[in-house]
Amino acid sequence: MDGPIGMFDSGFGGLTVARALMDLLPCEDLVYIGDTGRYPYGSKPLDDVRDYAVELARSLVLDFGAKAIVVACNTATAAGLDGIRDELAVPIIDVIEPGARAIVRATTTGRVGVIGTVGTVSSGAYVDAVARTGAPVELVSAACPGFVEFVERGQTTGDEVTVLAERLLAPIRDVGIDALLLGCTHYPFLARTINDVMGPAVTLVSSADETAFAARDRLADLGLLRSGEAVGQHRFLSSGDIDAFRELGGRLLGPELARTERWPVTADPEPFDSTLDPTPGGNP
C-alpha cells in the first residue's frame, strides 16, 4: 500500500516510537505531527486531549492519506483512542497495550510499576491494560509531572532532573518492583537518570519497540505493508515553533528532522513521491 503511516504526539516523545518504526520498517513512508503548540498534554483535561487526538488523527488521514495511525502518546491514547476508532476507518495502533504486554513479560517477581503523566495515570489505562493480559502481577503507578517539560526543553540529564526523579520515583522504588514501564513516550530520553535512581535490580521497559512490532504485525495481517527495497520518505510537522522542533528533534531523533513543516496545513499538502531523495539535503 502506498499511503504513509501517520503518527502523532504532544511533542517530541513520540519520536522514540518513530525511530523504532523507521528502523523496523525502512520501506514505509511516515508522517509525524508533534503538537508542540499545545503541549504538554499530561496536565490538561482529558476531554481537551481527546479533542486534540481526534483532530490530529483526522488530519493525518484526510490531509496526508495515512493508511494507519499510530497514537504515539500515552495521554492521548488514554483520553482519545475510542474517539479516534469511532471516527476513522483505518487501523489505529496505540502505545498502551503493547507496553502492558511488555511489562508482564519483563517481571520475574510479579511486582511491576508504571510511571506516566498525571493524565495517563489518573485514567487507569495501564491498570486496565495489564489486567486484560491476565498475568498475575501487582502493578503500582506513579505520576511524574515535570518529566515531559524537561525533555521538551532538551534537558535530559543534570542535577535538576536527578533531584526531581529521586523525589517522584521514591514511592515506587520503595515497594520493591523488579520492572518499570516508562508509560510516556518522552521518558526514554530520561532513561539514564531513571535507571540511576531505580537501581540495577529494576528493568526499564519502553513501549516504543513493542509499539513498532505491533504496528508491523497489524499492517502485515491486513496486507498493508509496502514491499520492495525503496527507502521510505519521512515527513515531520509541528504545531509550534518549527525551528525549535527541528533543532531539538534533530538532537533526539537524528538528521531526518532537517526538514520540518508546519501543522495544521494551510494548503493541500504535497503528496508523497517515492522518487524524492529522503536524506537531508536531497530534493525538497
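The values are calculated or read from the model by the stated rules, or taken from the named source; none is laboratory data. Everything numeric here is computed off the predicted structure, so don't read it as measured data. Neighbour counts run over all protein chains shown; Cβ positions are idealised from the backbone, glycine included.
Quick grid of which residues meet (1) closer than 18 Å to residue 189 by Cα; (2) at pLDDT 95 or above; (3) assigned to a helix (DSSP H, G or I):
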position	(1), (2), (3)
80	no, no, yes
90	no, yes, no
104	no, yes, yes
108	no, yes, no
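Taking the criterion of being in a helix (DSSP H, G or I), under 16 Å from the mean Cα position of the chain (by Cα) and either loosely packed, with under 15 Cβ neighbours inside 10 Å or not aliphatic (A, V, I, L, M) (or both), the residues of the range 115-145 that qualify are 119, 120, 126. Contact annotation: no residue pair with Cβ atoms under 6 Å, 6 or more positions apart or on different chains, pairs a residue in the range 253-274 that is not assigned by TED's automatic domain parsing to the domain that holds residue 189 with a partner that is part of a strand (DSSP E or B) and modelled with pLDDT under 85. Are any of the residues in the range 75-91 more than 28 Å from residue 221 (Cα to Cα) and among the aliphatic types (A, V, I, L, M)? No, there is no match, as no residue in the range 75-91 is more than 28 Å from residue 221 (Cα to Cα) and among the aliphatic types (A, V, I, L, M). Looking across the range 29-51, just one residue is surrounded by 24 or more Cβ atoms within 10 Å (Cβ to Cβ), of a type in the set (Val, Ile, Thr) and over 30 Å from residue 227 (Cβ atoms), and that is 49. The set of residues in the range 18-28 that are touching an Asp or Glu at 6+ places or on another chain (Cβ under 8 Å) and either over 14 Å from residue 70 (Cβ atoms) or buried (at least 24 other Cβ atoms within 10 Å of the Cβ) (or both) comprises 21, 27. Answer yes or no: is there a residue in the range 241-251 that is modelled with pLDDT under 90, surrounded by fewer than 20 Cβ atoms within 10 Å (Cβ to Cβ), more than 16 Å from the chain's Cα centre (by Cα) and outside any strand (DSSP E or B). Checked against the condition, which is being modelled with pLDDT under 90, surrounded by fewer than 20 Cβ atoms within 10 Å (Cβ to Cβ), more than 16 Å from the chain's Cα centre (by Cα) and outside any strand (DSSP E or B), the range 241-251 yields at least one hit.
Any residue at all in the range 150-163 that's closer than 21 Å to residue 78 by Cα, among the aliphatic types (A, V, I, L, M) and outside the structural domain of residue 70 (by TED's automatic domain parsing)?
The answer is yes, given that some residue of the range 150-163 is closer than 21 Å to residue 78 by Cα, among the aliphatic types (A, V, I, L, M) and outside the structural domain of residue 70 (by TED's automatic domain parsing).
Among the residues of the range 192-221, those that are touching a residue at least 60 places away in the same chain (Cβ under 8 Å) and out of contact with any strand residue (DSSP E or B) (no Cβ under 8 Å at 6 or more places or on another chain) comprise 208, 209, 210, 212, 213, 216. Annotation note: Cβ proximity below 6 Å between a residue of the range 38-56 that is in contact (Cβ under 8 Å) with a residue 12 or more places away in the chain and a residue that is polar (S, T, N, Q) and in a helix (DSSP H, G or I) (sequence gap 6+ or interchain) occurs for 41/75; 42/75; 49/75.
Looking at 52, 32 in this structure, which one is over 19 Å from residue 115 (Cα atoms), among the aromatic types (Phe, Trp, Tyr), at pLDDT 95 or above and touching a helix residue (DSSP H, G or I) at 6+ places or on another chain (Cβ under 6 Å)?
Values: 52 fails: touching a helix residue (DSSP H, G or I) at 6+ places or on another chain (Cβ under 6 Å).
None of the other options fit; the residue is 32.
Only one of the numbered conditions (1) modelled with pLDDT of 95 or more; (2) farther than 21 Å from residue 70 by Cβ; (3) of a type in the set (Gly, Ala, Ser); (4) surrounded by 12 or more Cβ atoms within 10 Å (Cβ to Cβ) is violated by residue 199, and that is (4). Residues that are more than 20 Å from residue 125 (Cα to Cα) and touching a Phe, Trp or Tyr at 6+ places or on another chain (Cβ under 8 Å) within the range 169-218 comprise 189, 190, 194, listed in sequence order.
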